[in-house]
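Below: the structure, in structure tokens.
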Amino acid sequence: MLSLQELQFAQRYPFTSLARRVVKEANLGLEDLPEEVMVRAREMVAGCIKGKYAPSIRDSQSILRTEVLAFPVAKILVSLMNRQEFYQRFAKTFSDTYFSALKAERDEALLDLASEFNVKYSLPESKAFFACLALFDYLKTTFSEDFMKLSNQRIAKGVIYLTRNDFARLLSRLAFTQLLASLPVSVDGVPAKLKAEAKALLAQLDTARFKFAGPEFGAGSLGTINPSLFPPCMANLYSQLLSGVDVPHFGRFDIATFLLAIGLPAQAVMDLFKHAPDYDERVTRYQVERLAGQKGGTKYSPPNCEKVKAHGFCPLPSCGVKHPLTYYKREMLQAAREAKAKPPKP
């Protein structure tokens, strides 16, 4: 039987072999899944929709075990939701949680976790660094933060030197990469109860997808900019960018020109692209300013529905318009009429 400390470790890091052992020994079936496991799995996914999941669990072995068992069930729910951009959101929320735990972890535990990812490390003589490892191991994942990029690291003879904080960040990012690669899991033969749970969570996601991580938009040429009224094609591209999905070139062109056309300032568009995995400030600024027609250039117009379909970003057979701007203007006018018809608050 696992000790309290082992269960706490498995709960903090559900990607480890210790956590997998807990799940294997429980031998649970999806048909007779305990209600408490389902509840925790649902709350895990709901927390990721909100952008944060960090349960406060101290010394209850039964609750810790439930938490460990709920994680693979949460992955099944996310897979049933079948939203590529949410896979990224789910993986990032948990990797952020891991990073918070790793910073407070014992040094030995950090090194043990590195072995979980087959990262070969050594301990440098200099006290300025926590560990050093081969460049190949560092390149097993990518980073969005400039200070973690290779150009900003101490490298000598193919070996990279990391501080303790950066080593913890590397581990959390490796966990992100591993978790994202594991999604979606197989959902063949999943009971109807889990499908119903996933459907309800998907409705939550569709309601909240413009609220998490998105910039607050002010007034544009069409009034206060409201992402919840975007046409489905632009809503999907917008949501994918916010979630860190590597949106293709034409998708970036389509959403950038659309946002500029409805009056979003060029700087706000640039801020949106900071979520892209390959974000480069200099390149992004040049491209967005060029699309906006700044510095003497010609402003680019957003593509019509025919071109958006040709680019592969239209999710519907038809939405009743021929241009994304027409859809957005229609929805804005309808929202304004509904707001005007509401009785004033007492």
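For this structure, a couple of remarks:
- Test result for residue 256, farther than 18 Å from residue 278 by Cβ and not β-branched (Val, Ile, Thr): no
- Looking at 128, 114, 101, just one residue is small (Gly, Ala, Ser) and loosely packed, with under 15 Cβ neighbours inside 10 Å, and that residue is 128.
- If you go through the range 271-300 and keep only what is in contact with a Gly (Cβ under 7 Å, 6 or more places away or on another chain) and assigned to a helix (DSSP H, G or I), you end up with 275, 290.
- Any chance residue 135 is in contact with a helix residue (DSSP H, G or I) (Cβ under 9 Å, 6 or more places away or on another chain) and loosely packed, with under 15 Cβ neighbours inside 10 Å: yes
- Only one of the listed residues (139, 80, 110) is under 25 Å from the mean Cα position of the chain (by Cα) and either within 30 Å of residue 193 (Cα to Cα) or in the same structural domain as residue 13 (by TED's automatic domain parsing) (or both). That residue is 80.
- The range 40-60, subset surrounded by fewer than 18 Cβ atoms within 10 Å (Cβ to Cβ) and under 16 Å from residue 14 (Cβ atoms), residue farthest from the chain's Cα centre (by Cα): 57
- Matching residues in the range 1-25 - criterion: being of a type in the set (A, V, I, L, M, F, W, C), out of contact with any Lys or Arg (no Cβ under 7 Å at 6 or more places or on another chain) and surrounded by 14 or more Cβ atoms within 10 Å (Cβ to Cβ): 2, 9, 10, 15, 18, 19, 23
- Every test in (1) modelled with pLDDT under 90; (2) in contact with a strand residue (DSSP E or B) (Cβ under 8 Å, 6 or more places away or on another chain) is passed by residue 298 save one, and that test is (2).
The values are calculated or read from the model by the stated rules, or taken from the named source; none is laboratory data. Note that the structure is a prediction, hence the values are computed from the model and not measured. In this analysis, Cβ positions are derived from the backbone assuming ideal geometry, glycine residues included, and neighbour counts consider all displayed protein chains.
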